[in-house]
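Each value in this text was obtained by applying a stated rule to the coordinates, not by laboratory testing. Nothing here was measured: the structure is a model prediction, and the numbers come from that model. Methodologically, a virtual Cβ is constructed for each residue, glycine included, from the backbone with ideal geometry; neighbour enumeration extends over all protein chains shown.
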C-alpha cells in the first residue's frame, strides 16, 4: 500500500511545481527549489529503506533456515537421549531384580560363620594331608645321592629319526631296552638287552608293540613293564599301557599341564615323564608361573598326584631334564646346538640349591638332546642326540646334609 502512495505523492508534487513555475514569481521559485531538495532527500531515504528491507528480509530467511537445522538436530539428539534413558531404565530394573535375588540367596550371618569355620577346617586338613604326603616321600626312601659329575660319553648306535627317546626299564633285574622314534607315532620297539639293541641287523630282532593311541613328544618312560606316555591330540592326558599285550590299563589328566612346551628347545614335548629312586614323576612348564618348570610326583599304580613342586628353573633355552633322588637337574643349550650344561637344579628335600652348585658340563657331542632319561640302577643317562643313541656315565656323591637328617 505504502509503495503506491509515494509515487502518487511525487506525481502530484511535480504537477504543482509545474503549475507554479508557469506562473513565474521569485518567491515561488524559491519554494519550488526547496521542495525539489526535500523530494530528492525523501527519494534517497526511500531507496535506503528499501535496501535495508531487502537485507533484513534475507537475514530473516537465513536465520529461519538455521533455526530449522537446529530444530532437526535437537530432535535427533532428543531421540538419542530418550533411547539412552530407556536403556538405563532397563538396566536399573535388571540390577534391582538381581539385588532382590541376591538378598534372598544371601544366607544369614550365623550360616556364613559356620561355612567359614568349615572351610578353614577343610583347608587345614588339606594342608596337613599334603604335608603328610611330602613327609612320606622323604621318610620312606633313604635317598641321599646327588649328582657330582657327568663323566663319560658313549655313542651306542644310530637308529630312527633325528628326534626320539630310548631307555631301559629301571625295574629291578630288567635288562630290556625300548626305542620310540619320532615325536608322534604308535609303534614301540622292545629289545631283550642292550647288547641285542647294539648288535641288531634289522628290526626283526625287536618285539614290535602297537600302542592303542599315538604318543606326543619324547617324554616317555617304561616302569615295571608299563609304558607311560603323553597321548597325542590332548593337552595333558597321560596313558599307562601294559607292554605284554599293548592294552590300555589306566589314564589321567594332569591339572594345569600341557599349555606350553616343557622345554623351549624341544617344542614338541609338553609332558616329560621321568623315573628316579623315588618313583614316577612328570615335568612340565607353567605359563602362570613365569614359564618355570613344575615337577609332580605320581603314584605309578593309580596315576594319582601325590605332590607338586614349583621350581625356579626356567624352561627357556632348556632342552631336557632328569631327576636323581628327588632332585631336578635341568639341561640348557642354545638353539644352534652346542655343549649342554646343567645350570639349575631343584631339590624337594631343600638340601641342595642352585646357587651353591657349580655348572656341570656334558662331554662334547653332536647337536642337542631331544630326550634324556636317568636310570637309577645303572647310574647312567640314556640320551637321544640327533638320531644317535648315547649313554652318559654319571658320578654321584652322598649328600651329607641329607644323611644327617
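Residues 101, 263, 374, 388, ranked from the fewest to the most other C-beta atoms within 10 Å, line up as 101, 388, 374, 263. Name the shape class, rounded, prolate or oblate, that the alpha-carbon gyration tensor gives for segment 145-404, where a ≥ b ≥ c are the square roots of its eigenvalues, rounded holds for a/c under 1.5, and otherwise prolate holds if a/b is larger than b/c and oblate otherwise. Since a/c stays below 1.5, the shape of segment 145-404 is classed as rounded.
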